[in-house]
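Below: the structure, in structure tokens.
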Amino acid sequence: MKFTDVGIKALKPKDKRYVAWKDNGNGFGVRVSPKGNKSFIFFYRFNDRPRMMTLGSYPEMSLQKAGVAHAKAREKLGKGEDPGIEAVKQRRADRLSPKVKMLVEEYLERWAKPHKRSWKEDERILKKEIVPAIGHLKVNAVKKRDIIAILDGIIDRGAPIQANRTLAVIRKMFNFAVQRDIIEIPPCYGLKAPSKEKQRDRVLSDGEIKHFWNNLDTAPINLVTRLALKFQLVTAQRKAEVVTAHWNDIQGDVWTIPAEKAKNGFAHTVPLSAIALEILEESKKLSHGKGYIFPASRKGPLSHIGFTTLDHALRKNLNHLGITERFTPHDLRRTAATKMAEKGVLRLTISKILNHAEQSVTAVYDRYTYMSEKRAALNKWAAKLKQIITGKKAKVVNIR
């Protein structure tokens, strides 16, 4: 028969399975089951033995795609290869391939949780953006087009930067799948970040710092979150390091950030100014000096506040804080560093306070802790902050 969509749709089921062959089709046919299910097949001979392979189900596989699959199979046959063997291997791989929702769980348990302090953010993104969209698909069935559709949807709802973050997590997860020999090529290979990001240079002015600090006390924000925000501004440390700060890390007026919590993998000591110690004293009333310094209110000191808690608090309460231009927790860290520079603190000292990784050969041999320089700088910043908050000139108090 002549193969057309109309002709194939017109094929009726019979009591027994039968095959309708394409005229001069070189073994290309449509198999029809008694229930009316149809599939494209290729009948051929290999090593003088009859063979038959299924190309795909109709209408899931279109007539055009079936024709292409048939041509590729004949091409392999012409090269002396059995096209059916590869098809069997592919079907076996499809059966063994996990679904995306299973890959999400494996990635989180075997890679994200052991290696990333911010694994909960990966979990949030994957379960919000990925699982609902493609969680039901086999991992080896995910196409680049599927990823693009997810990213386009995020951009269309007005969150271009979130689209970038989502792509980064997707890329890590599928690279993990490659390492685990689940797939050979990640579907996001060659994809670029969908949105251009500007390097942030937001630094709060003295007036904004005063509004932030004083209005924070009356903002509808959990007390633990308020203390954590103030602590980040005072110490100039990273948000993740503040959020996961533990009472075991505090010895007197020194906060030691363990290597496993530090972004660059090196333990970091932070001298605590008088204001920082005041914040810790207030937080101690909530956590009783045990567990995490900034505990999750519902879970107690054995669990810290979330990695995005500080971001949400600032975003939702910007108007209450009396600040018009949006800022983030990381901008508090940048503000502290900038204010120290304005007070004459050397860049090297500020870099040591921020715990920036140094790549120079000299840095490998320089094991000096810069503790006294860091202490003097953070005390200068504390005095400046006190002056901004109160409007009165404060005296530099050199703790220790």
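The values are calculated or read from the model by the stated rules, or taken from the named source; none is laboratory data. It should be emphasised that the depicted structure is a prediction, and the values quoted were computed from it without experimental measurement. As a convention, Cβ positions derive from the backbone with ideal geometry for all residues, glycine included, and neighbour counts pool all protein chains shown.
If we keep just the residues of the range 91-121 that are among the small types (Gly, Ala, Ser) and modelled with pLDDT under 85, which is farthest from Val131 (Cα to Cα)? The extreme case among them is Ala93.
One residue alone among Ala66, Ala71, Ala87 is without any contact (Cβ under 8 Å) to a residue 24 or more places away in the chain, under 30 Å from Leu11 (Cα atoms) and assigned by TED's automatic domain parsing to the domain that holds Phe28, and that residue is Ala71. Quick one: would you say Lys196 is free of Cβ contacts under 8 Å to residues at least 12 places away in the same chain, within 25 Å of Pro329 (Cα to Cα) and assigned to a loop (DSSP other than H, G, I, E, B)? Taking the combined requirement at face value, the residue satisfies it.
In the set (1) of a type outside the set (Phe, Trp, Tyr); (2) free of Cβ contacts under 8 Å to residues at least 60 places away in the same chain; (3) buried (at least 19 other Cβ atoms within 10 Å of the Cβ), Pro160 fails one condition alone, (3). Here Val178 does not qualify as more than 25 Å from Leu229 (Cα to Cα) and either crowded, with 18+ Cβ neighbours inside 10 Å or touching a Leu at 6+ places or on another chain (Cβ under 9 Å) (or both). Just one of the listed residues (Lys284, Lys263) is surrounded by 14 or more Cβ atoms within 10 Å (Cβ to Cβ), among the basic types (Lys, Arg) and within 25 Å of Lys352 (Cα to Cα), namely Lys263. The set of residues in the range 257-296 that are of a type in the set (Ser, Thr, Tyr), over 20 Å from Ala383 (Cα atoms) and either within 25 Å of the chain's Cα centre (by Cα) or at pLDDT 85 or above (or both) comprises Thr269, Ser283, Tyr292.
Okay, residues lined up against (1) in contact with a strand residue (DSSP E or B) (Cβ under 8 Å, 6 or more places away or on another chain); (2) within 30 Å of Ala133 (Cα to Cα); (3) modelled with pLDDT of 90 or more:
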{"residue": "Lys9", "(1), (2), (3)": "no, no, yes"}
{"residue": "Pro13", "(1), (2), (3)": "yes, no, yes"}
{"residue": "Val19", "(1), (2), (3)": "yes, no, yes"}
{"residue": "Gly36", "(1), (2), (3)": "no, no, yes"}
{"residue": "Phe42", "(1), (2), (3)": "yes, no, yes"}
{"residue": "Leu55", "(1), (2), (3)": "yes, yes, no"}
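Give just the number: which of (1) touching a residue at least 60 places away in the same chain (Cβ under 8 Å); (2) in a loop (DSSP other than H, G, I, E, B) does Val345 not satisfy? Every condition holds for Val345 apart from (1). Only a single item in (1) touching a Leu at 6+ places or on another chain (Cβ under 7 Å); (2) not in a loop (DSSP other than H, G, I, E, B) is not met by Arg315, and it is number (1).
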